[in-house]
């Protein structure tokens with residue numbers, strides 16, 4: 001791509017597409033100084049041509065509702081896929097490669113589910129498939145893992161990857177709100193969709209984690225077997241109790257390398273209040289990673305929004321547009337990344353928080369403690385909250401490190417006791 005003008009075709013012109021167009025217009029001279037290229041948006045694929053749009057990127061931009069107008073135009077160098085969804089976006093990217101066009105996308109769900117197939121096709125065609133905006137919005141984590149930290153073995157990634165969930169938990173923590181009230185606040189602020197299921201049930205973070213695992217470890221961890229737990233069941237009581245012990249509850253996405261094998265998952269967890277990720281509040285994202293050479297690094301910023309995400313899309317366009325830019329889609333040379341060597345999730349070891357709801361009667365603590373001892377779970381702290389005599393009371397246990405498999409087995413036994421009146425609440429504790 002050695003010409004002086006890079007022609008773009010945008011597929012989708014919503015929040016991110018509009019943000020991208022604004023940045024290109026406002027920062028055009030700056031972009032040209034850095035790349036030696038002028039960026040021109042020639043065609044924009046939209047669903048509804050009659051819709052009134054607050055911003056159009058110059059008189060040369062043509063709106064169309066026909067995908068073929070992008071694919072058949074020989075002048076378009078890069079197709080920017082910002083539609084979202086799976087099947088239509090998948091077909092667009094495939095056909096773009098067949099037409100010899102590079103692709104930039106922000107589609108995390110598509111890359112998580114179909115990434116291996118698309119990266120293999122891009123490799124075969126010697127074309128770029130770039131996706132900085134697919135993880136954590138404006139935070140430059142993709143390029144960091146592909147290039148800046150390419151010489152490191154990444155030993156762990158622990159991140160807050162969903163701003164909606166983080167905003168909800170922050171509201172519950174700072175204002176004592178219940179989950180539904182905090183979710184309503186997220187909707188009012190524009191942080192939550194009308195259907196927030198992907199955010200609050202952890203799947204959005206899971207899509208991003210699968211992408212990060214590929215980049216960090218050069219292996220494919222199938223989304224279908226990644227353990228995922230969301231925050232819809234989080235109670236204000238547990239957030240308040242955790243605070244009494246010096247912890248903050250966050251939705252965590254994590255992968256850890258253990259002797260070449262990977263442990264990964266998305267789950268709510270308690271973090272000590274002095275933990276660097278515990279201080280990430282509101283709709284922000286943050287990623288804490290450790291390399292065997294560089295040590296710990298933290299990246300923090302806005303995980304969504306028109307300009308932050310548009311900035312990440314633009315970074316990919318500029319990288320592809322530079323003279324003699326080497327194609328570096330996954331950060332590894334293989335056409336298809338191998339399947340990850342996965343540690344059985346239940347074998348992961350953490351400290352743990354339990355809240356049991358029990359009748360206030362003698363022998364409860366000793367019975368529960370006995371079961372934990374039988375399952376090799378060592379108790380670090382135990383607190384029974386006062387309540388009316390003979391009524392249900394919360395009992396909180398914090399444990400030393402124990403295997404998840406042992407924890408699940410112990411809780412199954414404990415929840416069958418007649419004095420346990422509700423399912424036990426369990427969260428992992430991170431160091």
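The values are calculated or read from the model by the stated rules, or taken from the named source; none is laboratory data. In this text the structure is predicted, and so the values were computed from the model without any measurement. As a convention, Cβ positions derive from the backbone with ideal geometry for all residues, glycine included, and neighbour counts pool all protein chains shown.
Which members of region 397-416 meet the condition of being part of a loop (DSSP other than H, G, I, E, B) and either assigned by TED's automatic domain parsing to the domain that holds residue 270 or touching a strand residue (DSSP E or B) at 6+ places or on another chain (Cβ under 8 Å) (or both)? First the steps, then the outcome.
Looking only at region 397-416, we keep the residues that are part of a loop (DSSP other than H, G, I, E, B), and these are 400-401, 415-416.
Correct list: 400, 401, 415.
Given the conditions (1) touching a strand residue (DSSP E or B) at 6+ places or on another chain (Cβ under 9 Å); (2) not assigned by TED's automatic domain parsing to the domain that holds residue 185, report the number of the one that residue 145 does not fulfil.
With (1) touching a strand residue (DSSP E or B) at 6+ places or on another chain (Cβ under 9 Å); (2) not assigned by TED's automatic domain parsing to the domain that holds residue 185 applied to residue 145, the lone miss is (2).
Here is a yes/no grid of residues against (1) part of a loop (DSSP other than H, G, I, E, B); (2) within 29 Å of residue 274 (Cα to Cα); (3) under 32 Å from the mean Cα position of the chain (by Cα):
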| position | (1), (2), (3) |
| --- | --- |
| 354 | no, yes, yes |
| 368 | no, no, no |
| 376 | yes, yes, no |
| 381 | no, yes, no |
| 386 | yes, yes, no |
| 395 | no, yes, no |
| 431 | yes, yes, yes |
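Across region 310-321, what is the number of residues that are over 10 Å from residue 140 (Cα atoms) and in contact with a strand residue (DSSP E or B) (Cβ under 9 Å, 6 or more places away or on another chain)?
8
Of all residues in region 388-409 being loosely packed, with under 13 Cβ neighbours inside 10 Å and over 17 Å from residue 369 (Cα atoms), which is modelled with the highest pLDDT?
391
Sort out which residues of region 82-121 are in a loop (DSSP other than H, G, I, E, B) and farther than 25 Å from residue 338 by Cβ, and write them in order of number.
Applying the first criterion (in a loop (DSSP other than H, G, I, E, B)) to region 82-121 yields 82-86, 99-101, 106-107.
Once the filter is applied, which keeps residues that are in a loop (DSSP other than H, G, I, E, B) and farther than 25 Å from residue 338 by Cβ, region 82-121 yields 82, 83, 84, 85, 99, 100, 101, 106.
Just name the residue that is farthest from residue 301 (Cα to Cα) out of those in region 141-161 that are assigned to a strand (DSSP E or B) and in contact with a helix residue (DSSP H, G or I) (Cβ under 6 Å, 6 or more places away or on another chain).
Let us first name the residues in region 141-161 that are assigned to a strand (DSSP E or B), namely 154-160.
Cutting the leftovers down to in contact with a helix residue (DSSP H, G or I) (Cβ under 6 Å, 6 or more places away or on another chain) gives us 154, 157, 160.
Numbers: 154: 21, 157: 16, 160: 11 Å.
Only one residue fits best here, namely 154.
Can you find a residue that is free of Cβ contacts under 8 Å to residues at least 24 places away in the same chain, part of a helix (DSSP H, G or I) and more than 30 Å from residue 385 (Cβ to Cβ) anywhere in region 208-227? I'd like the intermediate steps shown before the answer.
Keep residues of region 208-227 that are free of Cβ contacts under 8 Å to residues at least 24 places away in the same chain, which gives 224.
Restricting the remaining residues to those that are part of a helix (DSSP H, G or I) gives 224.
Filter again for more than 30 Å from residue 385 (Cβ to Cβ), leaving 224.
Yes, the conditions are met somewhere in region 208-227.
Kindly indicate whether residue 124 is surrounded by fewer than 20 Cβ atoms within 10 Å (Cβ to Cβ), without any contact (Cβ under 8 Å) to a residue 24 or more places away in the chain and assigned to a helix (DSSP H, G or I).
On the way: surrounded by fewer than 20 Cβ atoms within 10 Å (Cβ to Cβ): yes; without any contact (Cβ under 8 Å) to a residue 24 or more places away in the chain: no; assigned to a helix (DSSP H, G or I): yes.
So residue 124 does not fit the description; no.
Within region 29-38, identify whether any single residue is under 32 Å from the mean Cα position of the chain (by Cα), surrounded by 12 or more Cβ atoms within 10 Å (Cβ to Cβ) and more than 20 Å from residue 4 (Cα to Cα), and answer yes or no.
No; the residues of region 29-38 include none that is under 32 Å from the mean Cα position of the chain (by Cα), surrounded by 12 or more Cβ atoms within 10 Å (Cβ to Cβ) and more than 20 Å from residue 4 (Cα to Cα).
Among the residues of region 174-195, write down those that are crowded, with 18+ Cβ neighbours inside 10 Å and closer than 17 Å to residue 285 by Cα.
The answer is 186, 191, 192.
Considering each of 270, 307, 241, 251 in turn, give the residue that is out of contact with any strand residue (DSSP E or B) (no Cβ under 6 Å at 6 or more places or on another chain), in contact (Cβ under 8 Å) with a residue 24 or more places away in the chain and crowded, with 16+ Cβ neighbours inside 10 Å.
Values: 270 fails: out of contact with any strand residue (DSSP E or B) (no Cβ under 6 Å at 6 or more places or on another chain); 241 fails: out of contact with any strand residue (DSSP E or B) (no Cβ under 6 Å at 6 or more places or on another chain); 251 fails: out of contact with any strand residue (DSSP E or B) (no Cβ under 6 Å at 6 or more places or on another chain).
One residue alone meets the criteria, 307.
Among (1) surrounded by fewer than 22 Cβ atoms within 10 Å (Cβ to Cβ); (2) under 24 Å from residue 335 (Cβ atoms); (3) out of contact with any strand residue (DSSP E or B) (no Cβ under 6 Å at 6 or more places or on another chain), there is one condition residue 140 misses while meeting the rest; what is its number?
Exception for residue 140: condition (2).
Would you confirm whether any residue within region 328-347 is in a strand (DSSP E or B) and modelled with pLDDT of 95 or more?
Just the residues of region 328-347 that are in a strand (DSSP E or B), to begin with: 339, 342.
Retained after the next criterion (residues that are modelled with pLDDT of 95 or more): 339, 342.
The answer is yes; a qualifying residue exists.
Within region 12-71, considering only helices (runs of 4 or more DSSP H) that don't extend past its boundaries, which have at least 3 residues that are closer than 18 Å to residue 85 by Cβ?
Qualifying helices (runs of 4 or more DSSP H): 15-26.
I'd like to know if region 44-55 contains one or more residues that are at positive phi and without any contact (Cβ under 8 Å) to a residue 60 or more places away in the chain. Let's see the steps before the verdict.
We begin by selecting, within region 44-55, every residue at positive phi; these are none.
Within region 44-55, not a single residue is at positive phi and without any contact (Cβ under 8 Å) to a residue 60 or more places away in the chain.
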